[in-house]
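Here the structure comes first, spelled out in structure tokens, and everything after it is commentary.
The values are calculated or read from the model by the stated rules, or taken from the named source; none is laboratory data. Computed from a predicted model, the values in this text were never measured in an experiment. Note: ideal-geometry Cβ built from the backbone for every residue, glycine included; neighbour counts use all protein chains shown. Note: areas computed on protein heavy atoms with side chains; ligands, DNA, RNA excluded. Shrake-Rupley method; radii C 1.70, N 1.55, O 1.52, S 1.80 Å.
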Amino acid sequence: MTDTHPPVVLAGEDLETWAGLATVLEWLPPALDAPLVHDFDLTHFEYGILFALAGAPDRTLRMSDLAGFANSSLSRLSRAVSRLQSRGWVQRSQDPKDGRSTRATLTDAGLEVINEATPGHVDTVRRLVLDPLTTAQRRQLRDITLRIQQAIRTQEGWRPPRSIRPPAASD
């Protein structure tokens, strides 16, 4: 029997658009990791965990909430937090309001690391993502990524608060 339907393929501008995005998706994570690993032995994923904790009240989040911020499974997050804990940057404790939940807290040493790592990370993000774009293209990229996120899932991903400040040293 002969199949009368042509194969479904991407072609032309659709293929070029997808190929460009797929390439960025492959190249960007290791490019973000490289300076953090080199300077702090810290992956971009781990940096994100420290960043989320630094911005949280009392520098503490439930692991389930932190997994949401990190767009991660609890098992992947738990392995990363274990590594950060072994370095003295994060502590885990039982949630006093719900003994079934575990909380992660950024230590003073972890705050120091995030404060030291942030300027270089910001420089990398600017160099790789923001500086090559015009202001209009930055807005377009923000709108495009939000639409793609919404197509992937209805629940909203982590978004920075409108008045986000860089992590600050504790008093």
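Brief remarks follow.
- Ellipticity estimate at 222 nm from DSSP helix runs (n ≥ 4, -39,500 (n - 2.57)) divided over the chain, nearest 500: -19000 deg cm²/dmol
- Considering only Ala109, Ser78, Gln91, the residue lying farthest towards the positive end of the dipole of the chain is Gln91, judged by Cα position with unit charges set on Cβ.
- Modelled FRET efficiency - R0 22 Å, Ser64 with Val125, Cβ distances, 0.05 increments: 0.20
- Here the label points at Leu74 and Asp95, each 7 Å from Cα along the C-beta direction, are separated by 1.0 nm in the simple model.
- Per-residue packing, averaged as other Cβ atoms within 10 Å, sorts the ranges 102-109, 37-44 into the order 102-109, 37-44, beginning with the highest.
- Once backbone amide H atoms are built at 1.01 Å from N, Thr102 has Met63, Ser64, Asp95 as its partners under 5 Å, excluding neighbours fewer than 5 places away on the same chain.
- When the Cα gyration tensor is reduced to axis lengths a ≥ b ≥ c, the ratio a/c is 1.5 or higher for segment 9-104, and with a/b above b/c it is classed as prolate.
- Rounded to the nearest 10 Å², the accessible area of Leu32 at probe 1.4 Å: 20
- Taking each residue as 0.36 nm, the span from Leu146 to Thr4 lengthens on full extension beyond its C-alpha to C-alpha distance by 47.3 nm.
- Of the two radii for the chain, the radius of gyration is 1.06 times the Kirkwood radius, both from the alpha carbons; that is the Rg over Rh value.
- Evaluated over segment 84-143, the Cα radius of gyration and Dmax, each in Å: 17.9, 49
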